[in-house]
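Just so you know, all these numbers are worked out from the coordinates, no wet-lab data involved. These numbers were taken from a predicted model, which means no experiment stands behind them. Cβ placement follows ideal geometry from the backbone for every residue including glycine, while neighbour counts extend to all protein chains displayed.
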Amino acid sequence: MTECLFCKIIEKKIPAKIAYEDDKVLAFHDISPKAPVHILIIPKKHISAVNELTDQDGEIIGYLHLIAKKLAKENKIDKSGFRLVINNGPDAGQAVGHIHLHVLGGRKLQWPPG
Ligand code: AMP
Ligand code: ZN
């Protein structure tokens, strides 16, 4: 059995507030939101981090962004603006070892990030 938290969410062994799902990706609301809209988009294929991407993963990584665009519009942050983030490794604060694209919006976001 997988020990990966996000694989367990994909398998519906752990509940999540799902924002979008298809055969390739799952999107769900972050349990500890850092902005009024904070959604995580993950590939159903387990990829642990950007560091582990292979040449075969280009399509899925692009696809995560297309879903981000769709969810930004649905959550009405497309015009006001939003940020897409993938943390990789300790200095970036990556806490879950299943690659995930953060969609953050609904307030003015600071730059540079802390
Ligand atoms: P990162 O720090 O980039 O690895 O982001 C991990 C994110 O996953 C954090 O924003 C957490 O709040 C979020 N998170 C952790 N556990 C859950 C969960 N069970 N459901 C939804 N989001 C979660
Ligand atoms: Zn996983």
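Net charge near Leu66, counting Lys/Arg +1 and Asp/Glu -1 over other residues with Cβ under 14 Å of its Cβ? Spell out each step's value before the answer.
Working: positive: Lys24, Lys69, Lys70, Lys73; negative: Asp22, Glu59, Glu74, Asp78.
Taking every other residue near Leu66 into account, the sum is 0.
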Under 1.5 on a/c is rounded, so check that first for segment 5-105, then, if it is not, pick prolate when a/b is larger than b/c and oblate when it is not; a ≥ b ≥ c are the square roots of the alpha carbon gyration tensor eigenvalues. rounded
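Counting Lys and Arg as +1 and Asp and Glu as -1, what is the net charge of the other residues whose Cβ lies under 11 Å from the Cβ of Ala35?
On the way: positive: Lys34, Arg83, Arg107, Lys108; negative: Asp30.
Summing Lys and Arg as +1 and Asp and Glu as -1 gives +3.
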What does the highest-first list of 106-112, 70-76, 57-63 look like by mean Cβ count within 10 Å? 70-76, 57-63, 106-112
Mean residue ellipticity at 222 nm from the helices of the chain, using -39,500 (n - 2.57) per DSSP H segment of n ≥ 4 over the full residue count, to the nearest 500 deg cm²/dmol? -6000 deg cm²/dmol
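Given the pairs Lys12/Lys79; Lys13/Lys108; Lys44/Lys76; Lys17/Lys70; Lys17/Lys45; Lys13/Lys76, which span a C-alpha to C-alpha distance of over 24 angstrom in this model?
On the way: Lys12/Lys79 33 Å; Lys13/Lys108 35 Å; Lys44/Lys76 26 Å; Lys17/Lys70 17 Å; Lys17/Lys45 20 Å; Lys13/Lys76 30 Å.
Exceeds cut-off: Lys12/Lys79; Lys13/Lys108; Lys44/Lys76; Lys13/Lys76.
Quote to one decimal, in nm, the extra length available between Asp55 and His29 on full extension: 0.36 nm per residue of separation minus the C-alpha distance between them. Each step should come with its number before you reach the end.
Numbers: separation 26, 0.36 × 26 = 9.36 nm, distance 2.88 nm.
Net length gain for the segment: 6.5 nm.
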Could you work out the local net charge near Lys45, counting Lys and Arg as +1, Asp and Glu as -1, over the other residues with Cβ closer than 10 Å to its Cβ? +1
Under a cut-off of 15 Å between alpha-carbon atoms, report the aspartates and glutamates in cross-link reach of Lys24, not counting same-chain residues fewer than 8 places apart. Glu11, Asp57, Glu59
